[in-house]
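Just so you know, all these numbers are worked out from the coordinates, no wet-lab data involved. This structure is a prediction, so every number in the text was calculated from the model and none was measured. So basically every Cβ, Gly included, is an ideal-geometry build from the backbone, and we count neighbours across all protein chains shown.
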There are 4 protein chains.
Amino acid sequence: MSFQNPVFIPGPTNIPEVIRKACDMPTLDHRSAEFRKIFDPAVAGVKKVLKTTSAEIVIFPASGTGGWEAAICNTLSPGDKVLAARHGMFSHRWIDLCQRHGLDVQVIEAGWGDGVPVDAYAKALRDDTDHKIKAVLATHNETATGVLSDIAQVRKALDAVNHPALFLVDGVSSIGSVDFQMDAWGVDVAVTGSQKGFMLPAGLAIVGVSQKALAATETAQLSRTFFDFNDMLKSYATGGYPYTPAVGLLNGLATAVDMLLEEGLDTVFARHHRIAEGVRRAVFAWGMTPCANSPELYSNTVTAIRVPEGFNATEIVTLAAKTYGIAFGVGLGEVAGKVFRIGHLGSMTDVMALSGIATAEMAMADLGYPITLGSGVAAAQDYYRSHGNATALAAE
Amino acid sequence: MSFQNPVFIPGPTNIPEVIRKACDMPTLDHRSAEFRKIFDPAVAGVKKVLKTTSAEIVIFPASGTGGWEAAICNTLSPGDKVLAARHGMFSHRWIDLCQRHGLDVQVIEAGWGDGVPVDAYAKALRDDTDHKIKAVLATHNETATGVLSDIAQVRKALDAVNHPALFLVDGVSSIGSVDFQMDAWGVDVAVTGSQKGFMLPAGLAIVGVSQKALAATETAQLSRTFFDFNDMLKSYATGGYPYTPAVGLLNGLATAVDMLLEEGLDTVFARHHRIAEGVRRAVFAWGMTPCANSPELYSNTVTAIRVPEGFNATEIVTLAAKTYGIAFGVGLGEVAGKVFRIGHLGSMTDVMALSGIATAEMAMADLGYPITLGSGVAAAQDYYRSHGNATALAAE
Amino acid sequence: MSFQNPVFIPGPTNIPEVIRKACDMPTLDHRSAEFRKIFDPAVAGVKKVLKTTSAEIVIFPASGTGGWEAAICNTLSPGDKVLAARHGMFSHRWIDLCQRHGLDVQVIEAGWGDGVPVDAYAKALRDDTDHKIKAVLATHNETATGVLSDIAQVRKALDAVNHPALFLVDGVSSIGSVDFQMDAWGVDVAVTGSQKGFMLPAGLAIVGVSQKALAATETAQLSRTFFDFNDMLKSYATGGYPYTPAVGLLNGLATAVDMLLEEGLDTVFARHHRIAEGVRRAVFAWGMTPCANSPELYSNTVTAIRVPEGFNATEIVTLAAKTYGIAFGVGLGEVAGKVFRIGHLGSMTDVMALSGIATAEMAMADLGYPITLGSGVAAAQDYYRSHGNATALAAE
Amino acid sequence: MSFQNPVFIPGPTNIPEVIRKACDMPTLDHRSAEFRKIFDPAVAGVKKVLKTTSAEIVIFPASGTGGWEAAICNTLSPGDKVLAARHGMFSHRWIDLCQRHGLDVQVIEAGWGDGVPVDAYAKALRDDTDHKIKAVLATHNETATGVLSDIAQVRKALDAVNHPALFLVDGVSSIGSVDFQMDAWGVDVAVTGSQKGFMLPAGLAIVGVSQKALAATETAQLSRTFFDFNDMLKSYATGGYPYTPAVGLLNGLATAVDMLLEEGLDTVFARHHRIAEGVRRAVFAWGMTPCANSPELYSNTVTAIRVPEGFNATEIVTLAAKTYGIAFGVGLGEVAGKVFRIGHLGSMTDVMALSGIATAEMAMADLGYPITLGSGVAAAQDYYRSHGNATALAAE
C-alpha cells in the first residue's frame, strides 16, 4: 500500500498534515477540564460551518449512517410517515434505514442523476392536508451520482403549504465543501460525518439539531440510547460526555473548523467550485458527460462520469488502483459499471486534481477508450489558470 | 495540558507508541483490497484474545455503550425479559439502556463492591421455569468499584437448570488485560471497546457474537441498522464494510492484538496481576481497603480505594490533576466521594504504577490524610521486586 | 505553508509515510543495546545500496557538505594536490571547501551541462608522473545541471596510468536513486546525505570508506574530531557512537534501506529512469531541452530545463510556489535564470511527476511562454503508460 | 524496546509531545520564504534563553561536539594557547579536541567532582602577562560528575587582570534548564545541543557567538567550512542557509523556545531546582552522596551518585534497563563504576522523577545494597509537596 498519491474517492478524503497531528493525541482524561477546551471550540466552529446560530450540535463517535439513525430515532415514532426520494445509493440507504426502524416511508422514485424532485415533494406535501407526514428527508449531495440538490427549494415547498413536518437533511458529502445554510433553509436535523468536508478520518457523526427537532424528542418513541440527543446535550452542559468520546477526532475537528474558517468559507466553496469545474471541463474534453442530468445539479464535491457504451467503468477504478496507485470511486447500484467517480471534496488542490485527471486518462487509454492523452488535463489547466488563486489551503 | 505523565484513569488507557503510529494513517480506500489486509488480522487477533473459535467478531465505529446497544438490539425484542444485577455505575447504565429500549429488566440489586450475585441469579433462573428470561446480563469487571466477577459461575447457574437464555457479558474493562474465555464460559455476546485493554483511542465497539446469538437475530425485533450484526457480517464476507469504517483504529487494533499475543496472553495477565497486587499492597500500607468486598473480587485492571470517613475522595482526584498533572478516576454514583480509582489496565509498567502510587500519597498528604509518604510505594516496590520480570511490554 | 502537494526540488525529497514514522522516535538510550539494533541494519543496508562489501560505512549527524569535509580531512594533508572539475554549483563548492582546507586543487573547468571531463582527467593523471595528485574528486550527479557522469570511466583513467590517488566521489544526489557501484568503480570515499535517494529528512552525512582510504587516515594531517572516521569506527565496533547520534534519523535510514531493497534496487533505478524519461519527453514536447549537453549525461534524479531566450527561468519557480503551491528548483551560479529544475529523485511516482509537469506548464503559460497546455503531460503519460508497472513504491 | 517509561539519562532527554510533532515535518523547500518563518523565531528564542542581545546565534546540523569544534576553529589558529581544566569526561574531551586541532592546551587538572578551578585559572591568567592565552575554556555543567561551575567567577578572573582572551563555554547540559547569562558573564562562544535543555532529538549544535568572537574569525587560521560562522551568518542575512538545514529540528527548536519562554525561564529553572533537590534528598536518604564535592556545585540537571565501596555502580544501570525498562547513566572515565547518574534536565516532572527514584531503589535492593525501599521516594515526596507547584510543563 502506498500513501504517496492523493485519493480521489468521495470520502474519506485526504487528511491535511495539521489535522493528522491534531487527531493523533496521547490519552487525555475526558472528565477533566481539558476536554472542554477541545470540545467547545469544535462545536462553535461546526455551528459556523452549518451557518446556524439557533441549532444545537451533537457529535457521536460513529459514522454518517449513525447520524441518519440519530436523526430519525430522536424525532420520530414507529409508524410515522416520512417523505423521501430515491435518486442514488445514499438516498436509497437512508430510506432503507427508516423502513427498518418501522417508519412508513413515502418514497418518490427519481432518476439516478436527478436531484431531489422538488415538484413531487411539493405535491405530496400539498396532498398531505392532515399532516400525516412527520418528516421530510432530503439528500443534499448524492455521493453516488454527483448531484447537488437545492435544499432551499424543498423548504419553500414545505412553507408554501405551511407544512409542520420536520426537515431532515443528509449533508454528509456537502457540508464543509459547499454552502449549507441550516438556519436559512429551515433544516431541522443536518447530518454529516468527519471524513468528508471536515477532512478528518471517519469516526464522528456530526449532527445539527434545531430547537423544533429538540422539541420533537419529547414525544419521539423510537428507541435510542447511544444516539440520544438529550443525553448528549445534558452532558455537554457540564463539560462532559455521556460515554467515552473520541477525543483525538474531536481535537482534529476543532482544528478542521479553524482551517476552514481561516481560509474563509466563501474561499473554500470557490476553491471547490474551481476544482470541480476543471474536472468537468476535462470530462467534456474526453467527450463524456457527468452523471448529473443538468448543469445546476453538478456537484462541486464529487463528479460521477458516464463512460461510453460498451465500457465497464469499474475497470477504470480497478486499473487505476493497481497500475497507478490511485483510488477513484466505482459506480454503485443502478449506475454500477456505468460511471466512475472522482472525489474532489475536502483537502484538495488544483495540482492534486490534475494528477487525478491525468491518471484517469492513462487508465482509460490503457483500457482502449477513445481518449486523447492530455486533453482533459489541458482543459482543466486552462480553467485553473484563468480562475484565480489556486494555492493550496492557506491555513494548513 | 501536559502529556508527560501517564494517566491512571480506568480507560481510556495509555497508548503505546507503536499503536499511536498504527492509528495515525493517511486515507486509504476502504473499498480496496488493502482494507482486508488490515481488517482480517484484527478480527483474527480479537478472536484469540476472546478465546473463541466459534464466535463471529463484529466491530463498530462506536463506544462500549454502542456495543451494549448492539448486544441487545440484535438479539431481543421489545418487552423481552432480561436478568441483570446492579452493583456499580456501569451495570446500572446497561440496565438503563435496556429499559429505554423497552426491555423488561429483572434487576437484582447488589452491593457496590459486590460481584455479580451468582446465587440470586441461580435462584431467578431456577424460578423461571417457563423461560421468560430471554437474556442474562453480566458485567465482568465493574469499572466503578474495581470488582471482577466470576463469569464461569453464571454460566454454571444457567447450565444447572438448562436455561436457554442468551448470556450477554460486558467485558469492556476486562478483555485484553485479564482472562476472558468466551467459548469456555458460553458467552453469547461479549462487548468491549478499543480504549481499555486494547490500548487504543476510543472509537471502536468490539463485539463477539456466538452462533446462538446470531440465530437470535432472526427473530429479534428491536430496531437497528447502524448496529446490525448481519449487515456487518455480510459485508465482511466480501472484504467490505456496510459504511465507512474507522480504518486507522482498525489498523491500530491489528497492531494491538499483535502486541498482546507477542507478549503472550498469560504474560499480559500476569503483568496486570502483579501491577494490581502492588497497588493493593500500597492501599493496605496506607491503612485503607479496596472497594471490592473480598479478595476474590479484586480487579486487576482498576482499584477503587475507600478513603477514611471524613474525607472526600474526589478531592484527591482534583488535587492530583491540578498539582501533579496526574489523572485518577473519581467515585461514581453510590460511591461518589467515598472512593477514588487508580486505573492500571492496558499499557502499564511497574514503574508507571509506582509513579501513580507516589502521586496518590502526595495528594493525600496535601489533603491531611494520615498517610506516611513512601509507605505505599515501598509495599509495591517490595512486591514488584520479588515477583518476576517487570520489564515493560516486550513487543512495544 | 501547505503540505498537500509533493515537492519537486532535487532534495530534500518527499518523505514516505513509514519513514516519517520511523524517524519520529521517543528518546532511546543510545548507550543501550537497543541502539545497535537500529544502527547495524542501517549500516548493512547502506553497504548494499553502495554495492560494497569491502568498505566501511561512517554516518555523521551532518549534511552532505559535512560528508565532503570528512572525505578530505580524514585522507589528506594541508598542501596536498587534488584533481577536480568544476561543471556546476556543487562541484564548485567542493573545490571551494578543499581550498579553504589548504589543499592545492588542480581545477579543470568544464561546461555547466558537461559531465566530469574524463579525457582531461586522463591527461592530468598521465602528466602527473610523480604522483603529486593525492586524490581525484568527481561529482557523480551534478544537481545544478542535471548531469550524471560516468564514474567508471574516471576509474579507468586512474587505472590506465596506475595512478595511486584516492578516488573521492560525491554521490549526494545519485545514491539510492541511480546505480552506484562503490567496489566495482574503485571508489575510495563515497559521500551522500539522508535527504535525497534515502528519502529522509536532512541530518545525516553517509560516507562509504574503502580500506585504502582508511589506511590514508594514518598519515592524513588535516585536523578533524567531529568528522573523524576512526573515532566512529572504533565506537561502532562496540555498539557505540563517539558522541550523541541522531537516533531517529538512523532508525529512518534502516527503514529506508529496507524499502529500497524490498522494492529491489534494479526496480528502483528503472522507476527513476521511467519517471525521468517522462519528464524529458515533456521538456521536448515543450520545445525545450535539458541543460545536460548530451543524452548519455541525462540525470534520472533531476532535470534542469533550459528556457527560451528572453525568459527568466527563476520566475517559473517563484510563480509555481506562489500560485500553485509547488516547489521546483531554481538555476544556480552560471545557469541562474537560464534553467529551472524538476527534482524527481527519492520517493516519487509517475502520478506525482505528472502533477509537477502539469504545474510547470501552467506556470510557463502564466508567464507568457509559447507552450501548449497538456503537451508535456501527454508526452509523459504516453511514456509512462507504455513502460511498465507504474505503481507507487511497493514497500511503503 | 519500550517507550512507556521516561528516560533518566542526562541527555538526550524526554521529548514533549508538541516538540515531537513540530520536528516531524513533511519536506519543505528550505530555499522558500517559509524557511525564514521557522528559522527566525528559533534564533530569536535562543537569544532569550542565552540571555544575550549582542551575540549572534549559529545553528549547525551537528552535535555538541560539533559545537565545540566550531567554537575553536572559527576563533583560533594552530599553535594558539588555550587554558582549560579537566574535571570530568566532557571537559576532558574538549581538551582532546583542542589538542587534535593543534592547539597548545594549558590543562589544569582538578578533581572529578570539583568545579572549574577558578583560583588556578586566576593564577594562570595573572601569570600570562604577555597574553599568550588566546582562549579560556570552561564547562558550565560537567555531565559526567553532575557539577555546575560558576561561570561568572571565571569572567571575574579574566577581568581582574584585564585579560583579552576569548571565553568559550560548554553549556551543553546546562542551557535551557539552568540559568545561563551569556552577556552578563561575557561569554564569547556558548555551545549547546538540541537534545538537552531544548528537549529535542539530537542533531543541532546551537552556538552563541559574541561580536568579539566574530572579530576573531578574521584572523583565525584553523580550517573550517561546514562549521564556518561567517558562511552561516551571511546566508542567514538573506533568509538562507549555506547547505541543507535540518528543517524539522529547527521547527522543533522554535517550538521548544516558545515552551520555555511561555513557562518562564525562572519557572523552568525553579522546576529543575526542585526536581534536582528532591533527587538529592533521596540520595541522602539512601545514605549516599552526590559526586559533586560541595553543595554549591550540585547540578540541577544531572545527579551523579557515589555508591558505597564494594559495589559497581554500572550494574545498577544495567539492571534497571533490563529488569525495569529504565535508562540511567553510567559513570564515565575516572568515576566509572563509582557513580551512576540520574538525568533530570529537559522535559521532566516531579512525578517522573519519583518513578526514577523508585526504580533506582528497586535496582539497588536487587543488587544487595543496604537500602530501605521507599526511603528516597519519601524524602523526595516531602520536598516536592512543600515546594510549590509541581504541575507538568504549562505550555506543553
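Using only alpha carbon pairs under 8 Å that are at least six residues apart, calculate the relative contact order of the stretch D:1-131 and give it in whole percent.
14 percent
What ranking do C:301, A:225 get, fewest neighbouring Cβ atoms within 10 angstrom at the top?
Sorted ascending by nearby Cβ count, the order is A:225, C:301.
What angle do you read, to the nearest 10 degrees and between 0 and 90, between the alpha-carbon axis of helix B:89-100 and the longest principal axis of chain B?
The two axes meet at around 30 degrees.
Over the whole of D:71-78, what's the average partner chain Cβ count within 10 Å per residue? Rounded to a whole number, please.
The shielding value for this peptide is 1.
So if I place +1 on the C-beta of Lys and Arg and -1 on the C-beta of Asp and Glu, and nothing else carries charge, what would the dipole magnitude of the stretch B:56-184 be about its Cα centre? I want it in debye, nearest 20.
Using only the charged Cβ atoms, the result is roughly 180 debye.
Students often get this wrong, so check it: of A:196/B:37; C:234/D:322; A:37/C:21; A:51/A:156; A:47/B:196, which have C-alpha atoms separated by over 21 Å?
A:196/B:37; C:234/D:322; A:37/C:21; A:47/B:196
How large are Rg and Dmax for the stretch D:275-314 when calculated on the C-alpha trace, in angstrom?
Radius of gyration, then largest Cα-Cα span, for the stretch D:275-314: 10.1, 29 Å.
In a shell of Cβ-Cβ distance under 9 Å around residue D:10, excluding residue D:10 itself, what net charge do Lys and Arg (+1) and Asp and Glu (-1) give?
Residues near residue D:10 contribute +2 overall.
With Cβ to Cβ distances under 13 Å as the rule, what net charge do the other residues near residue C:128 carry (K, R +1; D, E -1)?
Overall, the nearby charge balance is +1.
How large is the charge dipole for the protein assembly as shown, taken about the Cα centre, if only the Cβ atoms of Lys, Arg (+1) and Asp, Glu (-1) carry charge, to the nearest 20 debye?
0 debye
Given the Cα atoms of the stretch B:1-149, and with Rh set as the inverse mean 1/r over their pairs in the Kirkwood sense, what is Rg to Rh to two decimals?
So for the stretch B:1-149, dividing Rg by the Kirkwood Rh gives 1.04.
In nm, to one decimal, how far is the residue A:322 label point from the residue D:77 one, both placed 7 Å along Cα→Cβ?
Using points 7 Å along Cα→Cβ, the separation is 7.3 nm.
For the stretch C:132-210, take N as its residue count and report Rg(C-alpha) divided by 2.2 N^0.38 Å.
1.10
Taking only Cα atoms, what is the 0 to 90° angle, nearest 10, from helix A:247-263's long axis to the longest principal axis of chain A?
Roughly 60 degrees, rounded to the nearest 10.
Apply the Debye scattering formula to the stretch B:276-340, with a single equal point scatterer on each alpha-carbon and no solvent, then give log10 I(q)/I(0) at q = 0.12, 0.17, 0.19 Å⁻¹.
-0.29, -0.59, -0.73
Less than 13 Å apart at the alpha-carbon level, and either on another chain or at least 8 residues along: which aspartates and glutamates does that give for residue C:134?
Cross-link targets: C:80, C:104, C:188.
Let me check the size of the protein assembly as shown from its C-alpha atoms; what are the radius of gyration and Dmax in Å?
Just the Cα atoms of the protein assembly as shown yield Rg and Dmax of 34.6, 111 Å.
Among residues other than residue B:186 whose Cβ falls under 13 Å from its Cβ, what is the net charge (Lys/Arg +1, Asp/Glu -1)?
+1
Spelling out what I want: for every residue of the stretch B:356-372, take phi, set θ = phi - 60°, compute 6.51 cos²θ - 1.76 cosθ + 1.60 (Karplus), and round to whole Hz; glycine and proline get x.
x, 4, 4, 5, 4, 4, 4, 5, 5, 4, 4, 8, x, 5, x, 10, 9
Going by average Cβ neighbours within 10 Å, how do the peptides C:336-344, B:127-135, C:123-131 rank, with the highest at the top?
C:336-344, B:127-135, C:123-131
For chain A, with the dipole built from +1 on Lys and Arg beta-carbon atoms and -1 on Asp and Glu ones, taken about the Cα centre, which of A:152, A:353, A:77 lies farthest toward the positive end?
A:353
Just to be sure I understand the curve: with the Debye formula and one point per C-alpha of chain D, what is log10 I(q)/I(0) at q = 0.07, 0.10, 0.11 Å⁻¹?
Taking Cα atoms of chain D as identical point scatterers yields -0.31, -0.64, -0.78.
Under 8 Å for C-alpha pairs, at least 6 residues apart: give me the relative contact order for chain C, rounded to a whole percent.
This gives 23 percent for chain C.
For peptide A:4-16, what's the mean number of Cβ atoms from other chains within 10 Å of each residue's Cβ?
5
Taking the 0 to 90 degree range and rounding to the nearest ten, how far is the long axis of helix A:64-73 tilted relative to the main principal axis of chain A, both from C-alpha atoms?
The two axes meet at around 30 degrees.
Averaged over A:352-365, how many beta carbons belonging to a partner chain fall within 10 Å of each residue's beta carbon?
Across the residues of A:352-365, the mean count of other-chain Cβ atoms within 10 Å is 6.
Given the C-alpha centroids of the stretch A:252-302 and the stretch D:198-218, what is the distance between them in whole angstrom?
The stretch A:252-302 and the stretch D:198-218 have Cα centres separated by 50 Å.
Please work out the Cα center distance from the stretch A:139-192 to the stretch D:105-147, rounded to the nearest Å.
Answer, in whole Å: 78.
What is the spread of the Cα atoms of the stretch B:167-266 along each of their three principal axes, largest first, in whole Å?
Computed over the stretch B:167-266, the largest-to-smallest principal extents equal 41, 32, 22 Å.
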